Each structure stands twice: as structure tokens, then as C-alpha cells.
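The structure appears right after this line, and notes come after that.
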Amino acid sequence: VVVKPVALGKVNDRLQAIGDADAIHSVIVTPLVSGQIAELLIRSGQEVKAGDVVARLDDDVERIAVDAAKVALQGALNTLTRNEDLKKIISRADLQDAQTAVETARLTLANAELNLQRRAIKAPVGGVAGIVNVSRGDYVTVSSPIVTVDDRSRVLVDFWVPERFTGLLKEGQAVEAAPIARPGKTYPGTISAIDNRIDIASRTLHIQAEIANEGDALRAGQSFQVEIDLPGDSWPAVPSLAIQWDSNGSYVWRISPDNKAERVAAVIIERNPDSVLVDAKLATGDRIVTEGLQRLRAGA
């Protein structure tokens, strides 16, 4: 027979996956109320800050309501002042009614001012505006998208890995992301989130990595090849010619120190071009038969 020694090989020492990028914060700006756009204060590609007004709806009715509420509040305050001056000669109930009227007028004014404020459409987050979907004069509702604002100072790359990597990945672990459209260019990042369950249909685990977008070169929706260096699991490596099969599964023939043939069960972990990694009771340096297998039997 011809024999070769068992070596030690590693599996899962480098993980590769394809993922898609998204902005660290991405918001579709929509109105809080319906109305006609009276003023558009944003253009595509403009950088905005959180709270900036991107558009205003027609607000004539709301302004009139605010003015009317202010007049009503002033009238209620005047009535309360007169009643307090005359509290010795008016009933306590009349004084309480005047106080209640003032509080009601204040609430009415606050509601009118809130309705007026909601006519201004504001960006909830800072970032870069995308293509504006409306024009001045358009009638919009609470479900009408005005513009998408992306904070792309950092990007999140979502990718999925086989379930066998579960337990080998952790938050904060370093990754390298290479844009598919820009071969040779890589960006360092870290794992920012790991899903809490395996997808039953695909038997994969959802991972999210965060990458700094220096120079604003990356965009949401971009595809990346993600690579992660892993410590790797060590397994005995045997030549592919040494693997034999029968009804009980795969096995190899080992030659003992006293030159006797021993059958050793070997479950295949990974096939490589030059060797096969197996789960078997083999030690580094053990002699494994690669030729002359047909004439072997246990103890030969």
C-alpha cells in the first residue's frame, strides 16, 4: 500500500458573503396633514439638518384660526380680570367659570398653533436629500412621499451567512467590504448587529456591518462583497483518495505503528482541491492509505 501522513487543516477561516448597503439613517419625508404645497424649500442633492423645513403647505385657514384663538384668549383674560376685581360681589361659581374659560381659550390657541406648525414639512433627520417627488402647487396627503433624506456618513451592509457560522461571529468583529462595481477597493468596518434567529427557509443568519463612508463615495443600495477573517476550526486533513464508503458511511484506513490496517470512521467536513477535512479520531502524522485500498481488511 501507499500511505500519506495526516495533516492539520482549518475550515471556516475566511467568510465571504454578498450584501447590500443602506444609509445609517434613511427617512422618507411625508406631511403630517393634507394640503396644497405653497412653498418648496429643498432641491435634490441638498444637505439638510434635522428640523429643517423642506416644504410648506397652504396655511391661510390655520393662521386665521390662531388669530381667532388669540382674540378669544384675550377676551377670556379680560373677563377673568374683571371678575377678580369684583370677586367680593360676584359668586364663586362665576369666578370659576371665568378661570375655566381662560384655560379653555389657552388650549384652543395651543391646538390652533399646532395645526399651523404641521403645515410646515420638516426633515426628521439630517442628511442628503434625494430626488424631490413633488412640485409647488401639488396636493399631498399624509401618505405622499416628498423626498428621501439619507444620512450616509456611515453605511450599513446587510448580508446573510450559513448557519454553521453561528457562534463564530460577534458584534464589533472586523470586516472588509469591497464594492462589486469597484474591484480592488475595500473599506474597513465592524459587525454592528447579529440577528437573534436563523431563517428557517434558507438556513442562514442575518448580519449587519457598519462602514465609515469617508469621502461620500458609497451609496445606499450598493452591493458589496464582505469578507471576515475567522479563527477557524482545526480538523484532520487526509488525501481525497483515502476516503472510502460503505453502508455505514465514509471511513479511512490507518496503518498502526506495528503495520496493521485499522478502519477509522471519518465524517467529511469540507472538501478542498488537495485534501479533505474530516471529523475522525486521527492524530497529526498518522499514516493513511491512499493506494492499494481494495486488498485491505481490518488487522491486515
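The values are calculated or read from the model by the stated rules, or taken from the named source; none is laboratory data. Please read these numbers as outputs of a predicted model, since none were measured by experiment. All Cβ positions, glycine included, derive from the backbone under ideal geometry; neighbour counts span all protein chains shown. The area values use the complete protein model at the heavy-atom level, side chains included, leaving out ligands, DNA and RNA. Shrake-Rupley method; radii C 1.70, N 1.55, O 1.52, S 1.80 Å.
Here is how the numbers come out for the structure above:
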item	result
Of all residues making up segment 64-99, the number that are among the β-branched types (V, I, T) and not in a helix (DSSP H, G or I)	2
Within segment 19-40, tally of residues that are within 31 Å of the chain's Cα centre (by Cα) and either surrounded by fewer than 17 Cβ atoms within 10 Å (Cβ to Cβ) or in a strand (DSSP E or B) (or both)	14
Sole exception among (1) open to solvent by less than 80 Å² (accessible area, probe 1.4 Å); (2) more than 30 Å from R219 (Cβ to Cβ); (3) of a type in the set (S, T, Y) for Y139, by number	(1)
Test: R43 is in contact (Cβ under 8 Å) with a residue 40 or more places away in the chain, part of a loop (DSSP other than H, G, I, E, B) and not β-branched (V, I, T)	yes
Hits in segment 275-292 (condition: open to solvent by less than 90 Å² (accessible area, probe 1.4 Å) and farther than 28 Å from F165 by Cα)	G285, D286, R287, I288, V289, T290, G292
Search result, residues across segment 253-274 that are outside any strand (DSSP E or B), at pLDDT 90 or above and surrounded by 11 or more Cβ atoms within 10 Å (Cβ to Cβ)	S256, K260
